[in-house]
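The block underneath contains the structure these notes are about, expressed in structure tokens.
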Amino acid sequence: MAAESYDPRAIERKWQQVWAGERTWEVSNEDDGRPKSYVLEMLPYPSGEPHIGHLKVYSVGDAIAHFKRRNGHRVLHPLGYDAFGLPAENHAIKTGQHPRESTEASIAEFRRQFHDWGISIDWSRELGTHEPAYYRWTQWLFLRLYEQGLAYRRDAAVNWCPDDATVLANEQVVDGRCERCGAVVEPRQLEQWFFKITDYADRLLEDLDTVDWPQNVVTMQRNWIGRSEGAEVTFRCDDLGTDYPVFTTRPDTLFGATFFVLAPEHPDVLRLSDSQEVRDYIRRALTESAEERGAEDREKTGVPLGRTVTNPVNGEQIPMYVADYVLMEYGTGAIMAVPAHDERDFEFAQRHGIEIRRVIEGGDELPYAGDGPMTASGRFDGIRNREGFDRIVEWLESDDKGRPAVNYRLRDWLLSRQRYWGCPIPIVHCDACGLVPVPDEQLPVVLPDVEDYAPKGRSPLAAAEDWLHVDCPSCGGAARRETDTMDTFVDSSWYFMRYCDAGNDRAPWDREALDGWMPVDQYIGGVEHAILHLMYARFFCKAFADIGLLDAQEPFARLFTQGMVTRDGAKMSKSKGNVVSPRAIVDEKGADAARCYILYVGHPAEGGDWNDKGVDGIARFLARLWRAAADAADGTEPSEAPAGEPTAVLRKAHWAIDKVTRDLGERFATHTAIAAVIELVNEITKHRDELLATPEGSSQLRFATATAASLIFPFAPHLGSEAYELLTGRRVWEEPWPRADESLLGADTAEIVVQLNGKLVDRFQASVDSTDAELERRARASERLADRLDGREIVKAIVVPGKLVNLVGR
RNA sequence: GCCCGGGUAGCCGAAUUGGUCCAGGCAGCGCGCUUAAAACGCGUGGUCCGCAAGGACGAUGCGGGUUCGAAUCCCGUCCCGGGCACCA
């Protein structure tokens with residue numbers, strides 16, 4: 001028997017050297033007839049060193065990549081770094097260290113650990129989004145979108161983070177606070193760069209039906225896009241001679257509109273009334289943060305404007321108000337208020353003594369938001385409101401007072417940032433020519449070095465005088481560069497395309513190469529990117545497809561979101577001091593144990609609870625497998641096929657093949673797949689001595705052990721390779737995925753359970769092709785049944801072939 | 001408030017289409033090896049009786065229901081997690 005013991009570090013280093021030396025995981029763009037499979041984990045943001053979430057996402061992805069390869073696929077499995085961004089810049093502000101230095105140090109650490117983990121990456125395609133060779137093409141793509149009118153500059157009310165001193169995208173504001181630093185966001189009126197993602201709202205919504213994504217992510221995207229169907233209805237203010245269109249989802253309640261409200265930001269408010277009361281109200285509303293304004297139990301404040309508008313359906317004059325519960329960003333910044341059928345309008349009307357008029361019947365009390373027959377609605381009385389909806393819109397349309405309309409919650413993507421560590425926007429400002437794109441051949445606009453990174457409300461780049469002043473590419477006159485940089489989400493919205501042709505220095509990619517790989521077949525990452533990153537990447541994909549840069553309409557055909565790893569039931573955080581460092585675990589117990597354990601604690605889509613003792617259990621299992629392989633290699637002769645009558649161990653091996661194949665291939669159930677291999681190894685250990693006693697038994701033992709190595713390989717690639725080579729002399733990753741022998745899966749006989757009224761009373765063995773009648777006869781003949789029957793009579797029998805016979809006694 | 005998930009052993013978790021079997025791991029307990037400990041191996045691992053074979057009784061948040069049979073389906077209810085939240 002083997003004297004030495006399992007030494008994961010030696011084994012892991014050995015195989016990592018083989019894979020690096022032979023560039024095993026590099027893949028060509030040439031179609032070789034095998035089906036392609038693009039397996040991708042979300043790229044890491046390199047800050048500090050990898051944490052346990054990284055270990056998990058790459059462990060899941062690597063298992064899938066290996067599984068696909070061994071099932072005959074040509075697999076693209078690349079990796080890069082999302083390297084621009086605020087943390088590196090904030091670090092620079094504190095320490096003076098250039099963000100490039102801290103970022104690249106972190107990248108080196110990530111790279112080192114990914115190698116230590118033995119992840120099967122095609123390193124020839126590695127990239128960092130901060131490299132000029134990459135962001136040159138980010139800029140190039142920006143210019144293509146600019147040409148299409150999909151990137152534009154506009155003066156708008158934007159979210160300003162006072163701590164980070166930059167604007168934020170709508171998506172980066174959470175509960176009125178900066179997603180990154182938590183500071184309360186302020187509204188500001190600024191000229192900023194936007195991507196016109198709203199042009200794609202409908203397609204982004206519809207195409208969710210074409211992807212295989214988790215239901216909750218699809219729902220989150222749908223909600224975020226927030227499509228509402230309704231009508232635009234015009235209310236006329238005769239005093240000013242102005243028409244005010246409003247958006248409503250309830251044109252059927254128009255007869256119940258008893259007042260009209262403008263948002264405080266609405267440009268007409270002061271024209272309508274410049275009373276002191278109105279001025280004060282607006283000033284207060286505009287200085288309030290989104291958080292204060294959106295507070296849950298906030299009272300519905302507002303002041304009257306002393307004017308009226310005409311309700312187009314009945315000619316009534318209804319009073320106008322300004323109130324901060326109306327948002328300027330949605331619809332037209334003005335609403336018709338129907339207090340009887342809208343909770344907010346109801347609250348406001350109650351507070352301000354405005355008439356509440358029911359126009360839909362139903363519900364016990366007001367406000368009532370449900371359906372019902374219309375009432376107090378003139379000639380529409382008695383009509384079901386759903387039908388009334390259409391008829392009122394038709395009527396308004398014929399009178400030119402309204403039309404059907406659709407509104408979205410989705411806003412355009414604000415992409416400019418007044419920060420240093422990002423991709424420069426390739427635009428020149430010329431007094432004579434206006435905005436001038438930097439010509440393609442002058443790209444990249446290289447990010448210059450600066451001394452002072454501290455945010456001052458304008459980009460630090462404005463201080464780089466040499467860089468800032470350029471000749472206008474159009475007229476040659478004096479001009480200045482755009483000093484804002486791009487949101488890092490721009491960088492990460494197309495990196496998966498660059499991987500397909502990462503070395504290309506003539507274009508972001510060659511179309512043929514891209515179409516050969518896209519879309520990503522399996523994308524893996526955290527659910528925290530359900531809205532931002534995934535929405536932006538989908539938008540880019542569609543916009544580029546429209547320009548003719550690729551075929552795919554959707555970037556990610558399948559999405560898998562992994563759950564968060566906790567420790568002893570609590571979130572890991574530095575402040576709690578319960579953070580598990582992947583490096584420490586890998587150094588101590590080996591990468592295979594760390595990877596297996598994290599895939600074993602539970603289904604990877606669920607959260608898993610990290611337990612140090614649990615890793616030891618997995619490490620013990622791996623050591624048992626290693627020993628089993630060493631013993632089998634010592635005690636048996638290599639043979640091509642297992643010989644002799646199938647033993648329990650051989651059957652177990654085929655059972656495990658079937659189990660792992662289905663668990664991994666169909667439902668990513670890595671935890672039960674690994675449990676199946678554990679069961680197989682336990683079975684091998686148990687029967688080892690008796691099997692070694694005969695040549696046939698030995699051949700089966702060797703086969704079963706090699707099978708265990710083969711099956712554990714996607715999760716523990718080093719040990720899998722080592723053990724498999726020991727037993728077969730071959731490389732496991734070059735072997736096709738094993739196939740279970742169907743004839744060994746099911747036995748000829750099955751254990752049939754005898755139940756009395758659903759309770760188990762006996763079991764017997766029966767041939768799998770026994771008839772129902774025969775099974776029933778044998779069940780009825782059971783002695784134990786007779787004991788339990790206790791005078792009752794069997795009135796009915798339910799036979800489930802191959803499983804059970806349930807006898808109903810009364 | 002609305003929309004999704006989820007509550008099974010001391011802990012993490014199996015049970016894939018309504019069908020016996022709470023798989024696997026951890027902790028615990030017992031034994032072996034050892035001067036001892038660690039490591040490792042073996043056994044046990046819902047409760048109770050039993051030296052054992054075996055037997056008895058249980059369990060899926062709580063309360064009902066459907067069914068020959070429910071962790072699984074239906075109704076109600078509680079708790080936990082996540083998302084959205086003045087979007088007219």
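The values are calculated or read from the model by the stated rules, or taken from the named source; none is laboratory data. Remember, predicted model here, so these are calculated numbers, not experimental data. FYI the Cβ positions are ideal-geometry reconstructions off the backbone, even for glycines, and counts take in every protein chain you see. Heads up: the accessible areas ignore ligands, DNA and RNA and are worked out on the full protein's heavy atoms, side chains in. Shrake-Rupley method; radii C 1.70, N 1.55, O 1.52, S 1.80 Å.
Numbers below:
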quantity	calculated
Distant-in-sequence amide H partners of A:LEU76 (H built 1.01 Å from N, under 5 Å)	A:SER37, A:TYR38, A:VAL39
Acute angle (nearest 10 degrees) that the helix A:385-398 long axis makes with the longest principal axis of chain A, alpha-carbon atoms	40 degrees
Highest-first arrangement of A:408-418, A:545-555, A:791-801, where packing means the average Cβ count within 10 Å	A:408-418, A:545-555, A:791-801
Surrounding net charge for A:ASP449, when Lys and Arg each add one and Asp and Glu each subtract one, Cβ distance under 12 Å	-3
Of the GluC sites (Glu not before Pro) in the range A:617-720, those whose Cβ has at most 15 other Cβ within 10 Å and which sit in DSSP loop	A:GLU640
³J(HN,Hα) computed for each position of the range A:650-655 - Karplus, 6.51 cos²θ - 1.76 cosθ + 1.60, integer Hz, glycine/proline x	5, 4, 4, 4, 6, 4
Cleavage-rule hits (GluC sites (Glu not before Pro)) in the range A:342-409: DSSP loop, at most 10 neighbouring Cβ within 10 angstrom	A:GLU365
In sequence order, calculated HN-Hα J values of the range A:102-107 (Karplus, 6.51, -1.76, 1.60; Hz; x Gly/Pro)	5, 5, 6, 5, 5, 4
Sulfur and carbon atoms: percent of accessible area, chain A [1.4 Å]	46 percent
Placed amide H near A:VAL761: partners under 5 Å, 5+ positions off or other chain	A:VAL754, A:GLN755, A:LEU756
Under Karplus coefficients 6.51, -1.76 and 1.60, residue-wise ³J(HN,Hα) of the range A:708-716 in Hz, glycine/proline x	4, 5, 5, 6, 7, 3, x, 9, 10
The range A:666-800: Rg to Rh, with Rh as the Kirkwood radius over Cα pairs	1.16
Packing-based ranking, highest mean first, of A:517-525, A:93-101, A:43-51 given that Cβ atoms within 10 Å are counted	A:517-525, A:43-51, A:93-101
Å² of accessible area per residue within chain A, as computed with a 1.4 Å probe and no ligands counted	43 Å²
For A:ALA405, residues with placed amide H under 5 Å, excluding near neighbours	A:GLY230, A:ALA231, A:GLU232
Helix-only CD estimate at 222 nm, as mean residue ellipticity for chain A, using -39500 (n - 2.57) per DSSP H run (n ≥ 4)	-11500 deg cm²/dmol
Between helix A:591-600 and chain A: long-axis angle, C-alpha atoms, 0 to 90°, nearest 10	70 degrees
C-alpha long axis of helix A:86-95 to longest principal axis of chain A, angle in °	80 degrees
Prolate/oblate/rounded call for the range A:9-119, Cα gyration tensor, a/c under 1.5 rounded	prolate
Cα shape, the range A:61-185, gyration tensor, a/c 1.5 rule	prolate
Ellipsoid semi-axes in whole angstrom, largest first, where each is sqrt(5λ) of the Cα gyration tensor of chain A	59, 41, 22
Cα gyration tensor shape for the range A:215-275, rounded if a/c is under 1.5, else prolate or oblate	prolate
